[in-house]
Amino acid sequence: MSLPSINPTKTEAWKALENHFQDIKAQKMQGVFLEDSDRANRLCIAWQDFYLDYSKNRITDKTISLLLKLADDVKLKEAITQQFAGKKINKTEDRAVLHTALRDFENMKPEVKTTLQRMKVFSEAISGGAHKGYSGKAITDVVNIGIGGSHLGPDMVVEALQYYRNHIKTHFVANIDGDHVHETLKCLNPETTLFIIVSKSFTTQETITNASFIRNWFFKKTGEKDIQKHFVAVAANESGAIEFGISKENIFPMKDWVGGRFSLWSSVGLSICCAVGFDNFEKMLKGAFEMDKHFNNTDFDKNIPVILALLSIWYNNFFKAESEAVVAYSQYLDKLVPYLQQAVMESNGKSVDRNGAKITYETGTIVWGNVGSNSQHAYFQLMHQGTKLIPTDFVGFSESLYGTIENHQILMANFVAQTEALWEGTHSKPIENSFKYFEGNKPTNSILIKKLTPENLGSLIAMYEHKLFVQGIIWNIFSYDQWGVELGKTVAKGTLTALETTAFDTIKNTSTANLLTKISTF
Ligand code: F6P
């Protein structure tokens, strides 16, 4: 059984949306709240601790019903069922896509339970001090060595759940930039540091090079002391980790049915467990599971990830918006955007459909953004008065964690004010000064969450995972492979050889050859 493969532009709904877009595209929609006093109450979804207000969008009820029809026309429900049932929907890699199985507390696979139990025992031994380093001292620092999905998720979550952290300090080494590795090692004591090498393939150039460098540093500092007390691995390629020198009992498994960018729920989350405790990690999984059930069981018109995905398609494919922004009004969510950039753009940056044919419509959205209110003092100018349409998700929390009322009220007043200013602009006022004119009509989604708890963070991440899946289904692409990252890796082998051997004449592209020559002779 494979995913339905339907060209969305050939569906009835798409054609109707194209016609409908002609009616909407030039409309100044600010008046809709006055004309329709129920709009804000209708175009919203309240679910658990979440409240999505999507009424400040350039849509009418008809837009939503046509977008929902599009979801039906491309057989979205069937696709969701296939994913959750573990069908091999990642066809080009012949794999199932089951990151949801890592948090399925009603029907948990025994192997998932076993791994979670190992993560609990290990992380509690680290944070509780029972696990000692070679000199008998407890561990104080944990370094996650990994890149992409083996880095961005844990790094983002550790930052997001900082409030819930224990005394263990965490560090992330991802970049092959040796200067950064040196900077990280500079403040570490090998006696009290645990290194977690995270690589599903255990062949990633950056990770293996950095891990080897760090292992040498460890040997040099300690006189080849017991590496097993200080190095563990998270890998699907167990033999690769063993070959590196990690003992079998120090390897935490990854499964081929978990994609790298969806793997923070797996043993890739070991650094999260060490930093915030296993119980909080488990709460995060439970929050994600709640969102999975919401996504799987709720009618599409009240389904948060589905509605967000459809709105994004509306802007991407009909308004031809070039990008979308995510602005979280919480410093804790500082690393949400880089995380989403991999999740969304590695998944949906595709231009061939599920039949292998070249696509003639726009796919993958560009995601960017930063935290509020900082962003207001940086790029919001362009959002308010620039020429580009940038649909934006505003994410924020009703309660602060420390109960600092004054700051939090200012923060959230800004959140709401920005959505209103972007929507309303100054359209109702006469234009006295064109430089101070705000066109308004700028769409936003407000994703308001009660509080930044591990559960709600889990739900939020899962919400975005499901959103990108829905978009991939509608665009008729395979969201779960990432062949586009391979070519650069191959070319880098040649450029590295050229740098090592200074045989620049072997490089055909003269720009590349010149650059390599400069690098080695500057
Ligand atoms: O190069 C892209 C990628 O394969 C990502 O999909 C993945 O998250 C990352 O590299 C790291 O891969 P690994 O966990 O195998 O080291």
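Any read-out appearing in this document is the output of simple, stated calculations on the displayed coordinates, not a laboratory observation. Everything numeric in this text was worked out from a predicted model, so none of it was measured. Cβ placement follows ideal geometry from the backbone for every residue including glycine, while neighbour counts extend to all protein chains displayed.
With the simple spin-label model, which puts each label point 7 Å out from Cα in the Cβ direction, the Ser511 to Glu111 separation comes to 4.5 nm.
Peptides 371-380, 344-353 ranked from most to least packed give 344-353, 371-380, packing being the mean of other C-beta atoms within 10 angstrom over each peptide's residues. The calculated FRET efficiency for Arg118 paired with His180, based on their beta-carbon distance and R0 = 35 Å, is about 0.70.
In this structure, the amide hydrogen of Ile197, modeled 1.01 Å from its nitrogen in the peptide plane, lies closer than 5 angstrom to those of Ile145, Val232, Ala233, Val234, counting only residues at least 5 positions away or on a different chain. The angle between the Cα long axis of helix 110-128 and the main principal axis of the chain comes to about 70°, on a 0 to 90 degree scale. With Cα atoms defining each centre, the stretch 313-345 and the stretch 346-364 are spaced 19 Å apart in the structure. For the chain, averaging the sequence separation of C-alpha pairs within contact (under 8 Å, six or more residues apart) and dividing by the residue count gives a relative contact order of 19 percent. Label-to-label distance, Leu401 versus Thr521, with points set 7 angstrom from Cα along the beta-carbon direction: 5.3 nm. Looking at Asn456, Thr115, Ile431, which one has the Cα that reaches farthest to the positive end of the dipole of the chain (charges on Cβ: Lys, Arg +1; Asp, Glu -1)? Farthest along the dipole direction, towards plus: Thr115. Across the stretch 481-487, computed HN-Hα scalar couplings (Karplus, 6.51 cos²θ - 1.76 cosθ + 1.60, θ = phi - 60°) run 10, 8, 5, x, 8, 7, 4 Hz from first to last residue, x flagging Gly and Pro. Computed extension length for Ala378-Asp226: 49.8 nm, one decimal, from 0.36 nm per residue of separation with the Cα-Cα distance subtracted. Computed packing ranks the peptides 30-38, 384-392 as 384-392, 30-38, most packed first, by mean other Cβ atoms within 10 Å.
Summing charges over all other residues whose Cβ lies under 14 Å from the Cβ of Asn355, with Lys and Arg as +1 and Asp and Glu as -1, gives +4. Take the Cα of Glu500, step 7 Å toward its Cβ, do the same at Arg42, and the gap between the two points is 6.6 nm.
Listed values for the stretch 254-271 are Karplus-derived 3J(HN,Hα) couplings in whole Hz (6.51 cos²θ - 1.76 cosθ + 1.60, θ = phi - 60°), namely 10, 10, 6, 8, 10, x, x, 6, 10, 9, 5, 7, 8, 5, 4, x, 4, 5, and x replaces Gly and Pro. Applied to the stretch 57-66, the Karplus parametrisation 6.51 cos²θ - 1.76 cosθ + 1.60 on θ = phi - 60° returns per-residue 3J(HN,Hα) values of 10, 7, 9, 10, 4, 5, 4, 5, 5, 5 Hz, with x for Gly and Pro.
Counting only Cβ charges, +1 for Lys and Arg and -1 for Asp and Glu, the dipole size of the stretch 94-185 around its Cα centre is about 480 debye.
Which percent, to the nearest 5, of DSSP beta bridges fully inside the stretch 99-282 are antiparallel?
Values: 1 of 18 bridges.
Beta bridges within the stretch 99-282, antiparallel portion: roughly 5 percent.
The alpha-carbon of Lys518 sits under 17 angstrom from the alpha-carbons of these aspartates and glutamates, leaving out residues fewer than 8 places away in its chain: Glu500, Asp505. Estimated from helical segments only, the mean residue ellipticity of the chain at 222 nm is -13000 deg cm²/dmol, where each DSSP H run of four or more residues counts as -39500 (n - 2.57). Note on Val416 and Ser434: the extension gain reaches 4.0 nm, defined as 0.36 nm multiplied by sequence separation minus the Cα-Cα distance. Judged by the mean number of other Cβ atoms found within 10 Å, the most tightly packed of the peptides 175-181, 250-256 leads the ranking 250-256, 175-181.
Paramagnetic label reach from Ile366 (point 7 Å along Cα→Cβ; backbone nitrogen cut-off under 13 Å): within the stretch 388-431, residues 388-391. Under 5 Å from the amide H of Val326 lie the amide H atoms of Trp368, Gly369, Asn370, Asp393, each residue being 5 or more positions distant or on a separate chain, with H modelled from the backbone and absent for Pro and chain starts.
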